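Let me begin by presenting the structure, written as structure tokens, before commenting on it.
The values are calculated or read from the model by the stated rules, or taken from the named source; none is laboratory data. It should be emphasised that the depicted structure is a prediction, and the values quoted were computed from it without experimental measurement. When we count neighbours, we look across all protein chains shown, and the Cβ atoms used for this are built from the backbone with ideal geometry, even at glycine.
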Amino acid sequence: MYGWFQDRLNVDLLWRGLFIRKIPFGVNLLYTLGFASLALFFVQAITGTILALYYSPSPDHAYDSVEYVMTQVPFGPVIRGIHHWGASAMVVVVVLHMLVTFGMGAYKYPREVTWWVGIGLFIVTFAFGFTGYLLPWDEKAYWATTVGTNMAGTVPLIGDFVERVLRGGAQLGALTLTRFYATHMLILPMVLVSLVAVHLFLVVWQGVSVPPRLWDQAVATFRGPRRAQTAPETDIEYHAVYEDFKLRGRRFFPDLIVEDAVVSTLVILLVVGLAVLFSTPLEGQADPTNTGYVPRPEWYFLFLFELLKYFPGSLEWVGVVVLPALFFVFLVLLPFLDRGPRRSPRYRPISSAVGGLSVIAVAFLTWHAVQTTPPALADDRNSRLTSTEVLGHELVDAQGCRSCHVIGGQGGQIGPTLDGVAGRRSAAYIHSYIENPKNLSPNAVMPAFLPPLTHQEVEDITQYLLTLR
Amino acid sequence: MDSPVAARDTDRRTLLAQIIGACVAFLAALLGVPAIGASVGPALTRQEAAWLTLGNPENFEEAVPKAVNLSVARRDGWIETTEVKAVWVVRQPGPQFTVFNGRCTHLGCAYSWQAAQNEFACPCHAGVYGLNGGVLAGPPPRPLDSLPVRVENNTLQVQYQDFQLGTPEQAPA
């Protein structure tokens, strides 16, 4: 059977090119983070697909469909848990991979394009997180996305337009949910798969980089003691030194892929373990009237959320747009900014300083955001009146009902107290009584109120009276 | 040439390949079992039909079929809907009760009791059934479908379900 495929596809060439290729000497476990990112993406794709079999992206049904998964679907909570923890794990692993690549100076010649594609992948990973956590349509999802899209609105000139495009209109609603879902399920996966394909191709085509200290030593040896180390290696020097490292290296299969496999298995095992041990939170259903809720984004956006506190009012867009833009411009231009002769971080003081400071700043901002989370504000939704009841309240004040009745603890004693009347009389009785008391109680002293009030006004009063305790 | 180094290398490579295989198999099981369970699960669970009330048994006259409209709650995933379904209740000596599903077994039209002719008649294709549900004339392929019935706390109760139409054998819908 192998022969059948070999005759048609030359699988031997594919096998040797992809799997038996030599990986440079010196490659260590830090290099498994890239494969681990990809493995986590597959986990997200599988669990996400299962969740998509049940999820309904409309405000009426989104929450119920997620609850259905959590209570009625076999393994539902585990699948959702893996997806939830997997998302955080993917952010962590992608960031670590980026830090290792940055630390090793692997964005330098000839891997600049790989680095740029990687920046794209970094952005896509965060975009997945942002679009994904709106989908359960619980309180956290709704409020975090309200804040997030408001932030987009702070951009000068085009802010309002951007905010409307993100939300699918002026308000956060059904259109927001469907376009976030379409982005999360279709657009971002397509973009990610395309970028991953290019990224992987380049990694195989060019080979992975050599750990920087080893590399610098080898280049120095190759050049000899008399050549100065003031310029980066020429492409001829590069290829000569690289070939030597490959010669002394190991095969991808099985020597290196086993490292990838074991590390990825451990990471996935950790994610599944977290999913099994800890239940994934699902707060109450989204309620736009909940003024007591404290909106917070997912943890990996907390640093940005915290940063905005230092940019008041009109300067907010600086924090939203300018700083992140500067950050990405820095990353993109990095291969041109850092043209030093050495790759080792010890000899790249500026890059190392900028990288180190960024990590410390983000870590501090995240920690500070957690520390300064205010407790939930008072939830007074149960004691609020509806607009009908407010009208009724005003009518009661205007008609002087308190001259005969106690209402809200105050009033006359001529008629019975109306506090708690809902427990004694039905709404229909109250309504009819107000309209013409003598219909129900022939000896009533109370005047009829229909007229001077209308039927609707009497109904408003009735609804208000029913709220009295 | 089979030097000891080459042989050791081959053994090492085989072991590493086996470790990779083990990792892949382990992950396939770890993720595959919940994935398949979650995908297939709801298809296999059957909803247990609730007992719905038809009324006091005394309300039904012997040998006089009476139609009753039932509000049947249906769970569709996370959505609960109520549908109105018709059944015919026939009381026999005992008292025994037979409750027929209100759909004609031919193509599902609503049939009705014709007191003058002492038979159930379907207006769509002239199907005719007797008091016991047996087919007397017309295209219906099988007798009327009877439903599980019980008397509990002096209340007549039935478990509603629909059956496939147009088949000689009764099968759940």
Within region B:95-115, can you find the residues that are surrounded by fewer than 18 Cβ atoms within 10 Å (Cβ to Cβ), under 24 Å from the mean Cα position of the chain (by Cα) and among the hydrophobic types (A, V, I, L, M, F, W, C)?
B:Leu107, B:Cys109, B:Ala110
Right, A:Phe130: closer than 25 Å to A:Phe311 by Cβ, aromatic (Phe, Trp, Tyr) and under 12 Å from the mean Cα position of the chain (by Cα) or not?
yes
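Does B:Ala6 satisfy the criteria of being farther than 30 Å from B:Asn101 by Cα, at pLDDT 90 or above and not assigned by TED's automatic domain parsing to the domain that holds B:Asn153? Give the steps one after another, and end with the answer.
Details: farther than 30 Å from B:Asn101 by Cα: yes; at pLDDT 90 or above: no; not assigned by TED's automatic domain parsing to the domain that holds B:Asn153: yes.
When the stated conditions are applied, B:Ala6 does not pass them.
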I'd like to know if region B:116-130 contains one or more residues that are surrounded by fewer than 16 Cβ atoms within 10 Å (Cβ to Cβ), in the same structural domain as B:Ala67 (by TED's automatic domain parsing), in contact (Cβ under 8 Å) with a residue 40 or more places away in the chain and under 29 Å from B:Asn56 (Cα atoms).
no
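Look at A:Pro288 and say whether it is closer than 30 Å to A:Pro59 by Cα and either more than 14 Å from every other protein chain (Cβ to nearest Cβ) or in a loop (DSSP other than H, G, I, E, B) (or both). Talk me through it step by step, then tell me what you get.
Numbers: closer than 30 Å to A:Pro59 by Cα: yes; either more than 14 Å from every other protein chain (Cβ to nearest Cβ) or in a loop (DSSP other than H, G, I, E, B) (or both): yes.
Yes.
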Which listed residue, of A:Leu274, A:Leu331, A:Leu302, is touching a residue at least 40 places away in the same chain (Cβ under 8 Å), surrounded by 13 or more Cβ atoms within 10 Å (Cβ to Cβ) and within 14 Å of chain B (Cβ to nearest Cβ)
A:Leu274
From A:Asp419, A:Asp460, residue being charged (D, E, K, R), touching a strand residue (DSSP E or B) at 6+ places or on another chain (Cβ under 8 Å), surrounded by 15 or more Cβ atoms within 10 Å (Cβ to Cβ) and farther than 30 Å from A:Leu96 by Cα
A:Asp419
Kindly indicate whether A:Leu29 is away from chain B (no Cβ under 14 Å), out of contact with any strand residue (DSSP E or B) (no Cβ under 9 Å at 6 or more places or on another chain) and surrounded by fewer than 23 Cβ atoms within 10 Å (Cβ to Cβ).
yes
Can you go through A:Val73, A:Val69, A:Val78 and tell me which one is within 14 Å of chain B (Cβ to nearest Cβ), among the aliphatic types (A, V, I, L, M), part of a loop (DSSP other than H, G, I, E, B) and crowded, with 16+ Cβ neighbours inside 10 Å?
A:Val73
Do we find a residue being assigned to a helix (DSSP H, G or I), surrounded by fewer than 11 Cβ atoms within 10 Å (Cβ to Cβ) and more than 12 Å from chain A (Cβ to nearest Cβ) anywhere in region B:34-48?
no
